[in-house]
Amino acid sequence: MKQRFTNIKAAPPIRTQRRPAETYRTRALERGLGLLSCFSAHRPELSLADLAKATNLDKATALRLLRGLEQMNFVERSGDEPLYRLGLKALELAAAYQSSHFLTQMAEPQLQRLARDCGQTSELGMLDNGDVVVLAVAYPPRSLRRHVMLGERYAAHCTSLGKALLGDLSPAELERFLTAHPPQPLSLKTTTDVRQIKEQLVLVRAQGYATDDEETMVGVRCIAAPIRNHTGRVAAALNVSGPTGEFDGPNLVHYIAQVKAAAAAVSVQLGYSE
């Protein structure tokens, strides 16, 4: 005998709701990471008030989170004053990132060679959220040298690394970048005129390298060249940087040739071919 079923409604979809404890843990994690993100090469030490203000947290909440981070060695207190800085655990994570990043592994021998042969500090950088972030550094075997911190960030429009990276952007991409990140003056020689910056980048593309002639810091000059991947796009850039007086005449010609050769060697490793 056949049975007839009518007016049977489908069961509503099951909605998974986040439990209060899970929500609290997620929020705490987000806030803790937000506190860690406040530290930078230019702001290595921060007070409780600074951290609370930067993350829009009240001091009591920020202090509770900082105590937890301190117990796990992600932050530590500095000196007699109530200042915080990154702890050893953060350094371990940075080292792990660098060790696992294939680009830094490929570029490391070239950075070391550049530092040795040019006698200047050599850096590897890539674009991140409108800035150039330093992924690796190699130092020359001499006491007078430019010191750079891993993770240090530079403005892209006036640094040699930044120009080498921006030179690969299409006109539309460059227009969007400069609109989102308006050029700011960092020294008396910084170019902030958008038209002039675009003209500089045309020259960078044509000659295959970029320069920073005290545009970021008085007394410091840099030369950078782009590193291309297997698609031909610029993935990163490397440079040499040092005292302005040492970047003249035969030295300048030598540095340009060495930097371009080092960038080309890493590009080949990434599968690039002209």
Hits in segment 25-69 (condition: touching an Asp or Glu at 6+ places or on another chain (Cβ under 7 Å) and modelled with pLDDT under 90) = Ala41
With the condition kept exactly as written, say whether any residue in segment 215-235 is buried (at least 16 other Cβ atoms within 10 Å of the Cβ), among the acidic types (Asp, Glu) and modelled with pLDDT of 95 or more.
-> yes
Restricting to segment 172-193, what's the tally of residues that are surrounded by 12 or more Cβ atoms within 10 Å (Cβ to Cβ) and either in a loop (DSSP other than H, G, I, E, B) or touching a Ser or Thr at 6+ places or on another chain (Cβ under 9 Å) (or both)?
-> 9
Within segment 100-137, restricting to residues that are in a loop (DSSP other than H, G, I, E, B) and without any contact (Cβ under 8 Å) to a residue 60 or more places away in the chain, the one that is surrounded by the fewest Cβ atoms within 10 Å (Cβ to Cβ) is Asn129
When segment 149-171 is checked residue by residue, the ones that are at pLDDT 90 or above, in contact with a strand residue (DSSP E or B) (Cβ under 7 Å, 6 or more places away or on another chain) and part of a loop (DSSP other than H, G, I, E, B) are Ala156, Cys158, Thr159, Gly167, Asp168
How do the pairs read when you match residues in segment 256-274 that are in the same structural domain as Gln120 (by TED's automatic domain parsing) with residues anywhere that are of a type in the set (Asp, Glu), using Cβ under 8 Å and keeping only pairs 6 or more apart or on different chains?
-> Gln258/Asp117
If the Cβ limit is 8 Å and pairs must be 6+ apart or interchain, which residue in segment 58-79 that is β-branched (Val, Ile, Thr) pairs with which residue that is in a helix (DSSP H, G or I)?
-> Thr61/Arg31; Thr61/Ala52; Val75/Leu35; Val75/Leu36; Val75/Leu66; Val75/Leu69; Val75/Ala90
Got a sec? Which of Thr191, Thr179 is free of Cβ contacts under 8 Å to residues at least 24 places away in the same chain, more than 18 Å from the chain's Cα centre (by Cα) and over 24 Å from Ala264 (Cα atoms)?
-> Thr179
For segment 46-89, enumerate the residues that are surrounded by 14 or more Cβ atoms within 10 Å (Cβ to Cβ) and part of a loop (DSSP other than H, G, I, E, B).
-> Leu57, Asn73, Phe74, Gly87
So Ala172, is it among the small types (Gly, Ala, Ser), in contact (Cβ under 8 Å) with a residue 24 or more places away in the chain and in the same structural domain as Arg116 (by TED's automatic domain parsing) = no
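The values are calculated or read from the model by the stated rules, or taken from the named source; none is laboratory data. In this text, all values refer to a predicted model and were calculated from it rather than measured experimentally. Reconstructed Cβ throughout: ideal geometry from the backbone, glycine too, with neighbour counts over all protein chains shown.
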